Amino acid sequence: MLYCKLCWNHIVFWSLPTLPESYYSRLGKIHFELNNYRKAISQFEKSESSYNLQDVSFSKYNWYYLGYCYLNLGDFKNAVKYFEKYLKFNLHDYETLSEIGWCYALLNESELALKAYLQLLKHEPNALEIHLNCIEILSHLGRKDEALKLIEGVVSEIEDPMEKGLIESLSLKMNGDIVSAIKKLNGAINMSSNSLCYYIKADLQIALSRMQKESGDLKGGLNTLKVAFENNSNDLWLINELAVEYADQDIKLEDALNLINYALDFQPDNSLFLDTKGWILYKTGKVGEAKKNLERCLSLNPKNEDIQKHHKTIANA
């Protein structure tokens, strides 16, 4: 699954000179556009080695596409490595900075993720999604007062009722009123159900489901995910969330395995999807396969707390 439509504004691709590095980069871009990401990576790496990294313009080009190749395969560690390289020569590429923050968040590098998002807010102070990411990370780091202060500042600037409801639900949750937080978030989702794009709505429904689970309403959390899946069956993160919920509740494990295998067809190196598959395999009694999956997860994402927890449980089985 391609994360974004790439537009290369720094080099006019077809005007590149016909040198070996250009030839390999051309092939890499063709494979990229055909979603053949592994082949694209191979060609971009050949381009890099053919001129021994002596041409910064070629390196920028290759790093940009290498970052998105790895991102689309779900390899967040390698994706952020190339995005960081690219950003050093393009400090004002805010889309890349956003991807860096997201990758670090998925890798549980919370401080690095927060740094990227705060830098992004300097240039896009009204970006609600970035504020939400910062609030979530601050909360995860235990910096509740900073998170609440950020919420207070955001709420005072927001006029849209749906967005205000979303932010207020986070404040209620952090202050321990999970029931009111659920009601507020559910109202925010329903308030603008027709105007939200599928992917944004799916993210909010996942957040709602997690709140419902936290409150002890496992049935309500599962139903929220089922409804979301009915309306958006191609969202890989939603698919993963539903598969995780089936596994956690020890129900429909065959369906869960089919769901996560579908997601892994698109992102075979996604450590979080692999973790889900390992957990499902463990629940079905396939401990050996589960251990192999979790070992690979750890190599891709060693700091993720869920992966660590599942690995420990399965290793002791």
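Hey, could you check the stretch 207-226 for residues that are small (Gly, Ala, Ser) and surrounded by 14 or more Cβ atoms within 10 Å (Cβ to Cβ) and say which is nearest to Ile135 (Cα to Cα)?
Step by step, filter the stretch 207-226, then rank; the result is Ala207.
Consider Leu236 carefully, then state whether it is closer than 24 Å to Glu136 by Cα and without any contact (Cβ under 8 Å) to a residue 60 or more places away in the chain.
no
Could you check Ile200 against (1) without any contact (Cβ under 8 Å) to a residue 24 or more places away in the chain; (2) buried (at least 22 other Cβ atoms within 10 Å of the Cβ); (3) over 18 Å from Ala290 (Cβ atoms) and say which number it fails?
(2)
Would you mind finding the one in Leu222, Leu259 that is in contact with a helix residue (DSSP H, G or I) (Cβ under 8 Å, 6 or more places away or on another chain), within 30 Å of Glu168 (Cβ to Cβ) and at pLDDT 95 or above?
Exactly one residue qualifies, and that residue is Leu222.
So that you can scan it fast, the table gives a plain yes or no per residue for (1) of a type in the set (A, V, I, L, M); (2) in contact with a Cys (Cβ under 6 Å, 6 or more places away or on another chain); (3) more than 24 Å from Ile167 (Cβ to Cβ):
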residue: Glu214; (1), (2), (3): no, no, no
residue: Asp217; (1), (2), (3): no, no, no
residue: Ser233; (1), (2), (3): no, no, yes
residue: Ile251; (1), (2), (3): yes, no, yes
residue: Ala256; (1), (2), (3): yes, no, yes
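Starting from residues that are farther than 23 Å from Asn223 by Cβ and of a type outside the set (Phe, Trp, Tyr), keep the ones in the stretch 246-271 and report whichever is surrounded by the fewest Cβ atoms within 10 Å (Cβ to Cβ).
The residue in question is Asp265.
Take the residues in the stretch 73-86 that are assigned to a helix (DSSP H, G or I) and surrounded by 21 or more Cβ atoms within 10 Å (Cβ to Cβ); name whichever of them is farthest from the chain's Cα centre (by Cα).
So, considering only residues that are assigned to a helix (DSSP H, G or I) and surrounded by 21 or more Cβ atoms within 10 Å (Cβ to Cβ), the one farthest from the chain's Cα centre (by Cα) is Tyr86.
Determine whether the stretch 232-251 contains at least one residue that is part of a loop (DSSP other than H, G, I, E, B), of a type in the set (Ser, Thr, Tyr), under 22 Å from the mean Cα position of the chain (by Cα) and within 24 Å of Asn72 (Cβ to Cβ).
yes
Restricting to the stretch 168-202, what's the tally of residues that are modelled with pLDDT of 90 or more and part of a helix (DSSP H, G or I)?
17
The values are calculated or read from the model by the stated rules, or taken from the named source; none is laboratory data. This is a predicted model, so every value here is computed, not measured. Note: ideal-geometry Cβ built from the backbone for every residue, glycine included; neighbour counts use all protein chains shown.
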